[in-house]
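Throughout, read-outs are computed from the coordinates displayed, never taken from laboratory work. Keep in mind that this is a model prediction, so the values were computed, not measured. All Cβ positions, glycine included, derive from the backbone under ideal geometry; neighbour counts span all protein chains shown.
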There are 2 protein chains.
Amino acid sequence: MAVYNIPPLAKLIDQFESLPGIGSKTAQRLAYHVLNMTKEQAQEFSNAITDAHEKIKYCSVCCNFSDEELCPVCRNQQRDKTVICVVESPRDAMAMEATREFDGTYHVLHGAISPLNNIGPDQLYIKELLKRLSDGNVTEVIMATNPTVEGDATAMYISRLLKPLGIKTTRLAYGIPVGGDLEYADEVTLARALEGRSEL
Amino acid sequence: MAVYNIPPLAKLIDQFESLPGIGSKTAQRLAYHVLNMTKEQAQEFSNAITDAHEKIKYCSVCCNFSDEELCPVCRNQQRDKTVICVVESPRDAMAMEATREFDGTYHVLHGAISPLNNIGPDQLYIKELLKRLSDGNVTEVIMATNPTVEGDATAMYISRLLKPLGIKTTRLAYGIPVGGDLEYADEVTLARALEGRSEL
């Protein structure tokens, strides 16, 4: 839509447009917003990007994002180190944290097995998970991968690896979402909800 | 939602969240996207922000954004310098450009008169417009401020300033938007469309 071209502006719009979920109109609005910032604000925004990128590494235990050797969950003495919740991404871990119902630790795989996208078990952080289980302190591994074909396959793959170790492996419950409308639930979800029904 | 806190990540999320139209969930997604970039990509993004901010100034003629003394429209010999389209913001000028129907030049006011927000005519780039008109070459000024109370007031104010100069001042037509639905048009718009009806 840049009918006339101002190179530094076009470049900034392009950068915003390359972000997920940002279309060309939004990218334009964001770029113009940046131009209206004070010099200090723009500098701070710019620094936040490089800073975050430079300082944040993977936690040496759970592979979640962290700016220190151990992430806040892994270095927290209050957290139950005998339970590990396996998730696909750091955002999934953050979503679990938001429930405030889980006081164990996480393990971030950074993806799911997906032959279509050429992602096999070796590209995921599964070795690191097995290493954590080797000392025998962990009693339960909760598979919290996404409820998709890839997530299910990954959960299945890992649970098979864990079987010989004798560690309890569980999977998040499938069912109807709270606040959802039964008539809009798809049949697979509804079938799973029926299958997993519990006594009142 | 940052239940556990990684300072550089929290800062980056905050920065994204301060942008217009970006909520906390989107800010998180964008921040995680930045973390997944390569070092070069992150650096490029960061640079695009400071570069745009440093290099882009106001065009010395029309006050639109420009990385040179004159903006691409003002330095284009093909554009009709006798017609000036007055807009509130650079984005409005870009929207006009996108129609590809206008070959005159622009004048960007950088705002509209708004007593509620303490914005008077002196805060706008109106002096610069009057200076452009002083040489007598301009034959028409098109008021393309927004169809809001502020935009209308600004258009009215400027048209009164121009009256003694004997320059033709016009206003964009009000009416029903193309592709819109008549039953959803508000009554004011519909009344203006009726008022401004043209013969077929």
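Summary table below
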quantity	calculated
Placed amide H near A:TYR106: partners under 5 Å, 5+ positions off or other chain	A:CYS85
Teacher prompt: B:LYS168 distances to equivalent labels in other copies, 7 Å Cα→Cβ, nm	8.5
Counted charge near B:GLU54, where neighbours are those whose Cβ lies closer than 15 Å (Asp, Glu -1; Lys, Arg +1)	-1
Cβ-based charge dipole, chain B, positive-most Cα from B:LEU30, B:SER114, B:LEU133	B:LEU133
3J(HN,Hα) from dihedral phi, segment A:7-13, Karplus parametrisation 6.51/-1.76/1.60, rounded to Hz, x for glycine, proline	x, x, 6, 4, 5, 5, 4
For the B-to-A rotation axis, chain B residue with nearest beta carbon and its distance in angstrom	B:SER46, 2
Shortest-first distances to equivalent copies, position A:GLY23, nm, label 7 Å out along Cβ	1.7
Segment B:7-55, dipole about Cα centre (Lys/Arg Cβ +1, Asp/Glu Cβ -1), debye to the nearest 20	200
Global geometry of segment B:7-55, whether rounded, prolate or oblate, following the gyration tensor of its Cα atoms and the 1.5 cut on a/c	oblate
FRET efficiency estimate (nearest 0.05) - Cβ-Cβ, B:LEU130 to A:ALA98, R0 35 angstrom	0.05
In nm, spacing of pseudo-spin labels at A:GLN43 and B:LEU116 (7 Å Cα→C-beta vector)	3.6
Only Lys, Arg (+1) and Asp, Glu (-1) charged, at Cβ; the protein assembly as shown dipole about Cα centre in debye	640
Mean-position separation - Cα centroids, segment B:115-155 and segment A:88-103, in angstrom	52
Which listed pairs, of B:LYS55/B:LYS163; A:LYS39/B:LYS25; B:LYS11/B:LYS127, have C-alpha distances above 31 Å, in listed order	B:LYS55/B:LYS163; B:LYS11/B:LYS127
Value at 222 nm in deg cm²/dmol, rounded to 500, when DSSP H runs of n ≥ 4 in the protein assembly as shown each add -39,500 (n - 2.57)	-12500 deg cm²/dmol
Label-point gap, in nm, between A:ASN5 and A:GLN123 - each point 7 angstrom along Cα→Cβ	3.5
Point-to-point label distance, B:LEU182-A:THR82, nm (Cα→Cβ direction, 7 Å offset)	7.5
Tensor-based shape of the protein assembly as shown (alpha-carbon gyration tensor, a/c under 1.5 rounded, otherwise prolate or oblate)	prolate
Gyration tensor (alpha-carbon) shape descriptor, segment B:77-143, a/c threshold 1.5	oblate
Unit charges on C-beta of K, R, D, E only; dipole of chain B, Debye	360
Calculated label separations, B:SER134, copies of the chain, 7 Å along the beta-carbon direction, nm	8.1
Environment charge of A:VAL188, counting only residues whose C-beta is closer than 13 Å and scoring Lys/Arg +1, Asp/Glu -1	-3
Using a Förster distance of 56 Å, the FRET efficiency for A:LYS57-B:VAL149 (Cβ separation, nearest 0.05)	0.60
Chain A: relative contact order as a whole-number percent, Cα under 8 Å and 6+ apart	13
Positive-pole candidate from B:THR145, B:ILE56, B:TYR174, dipole of chain B, charges at beta carbon	B:ILE56
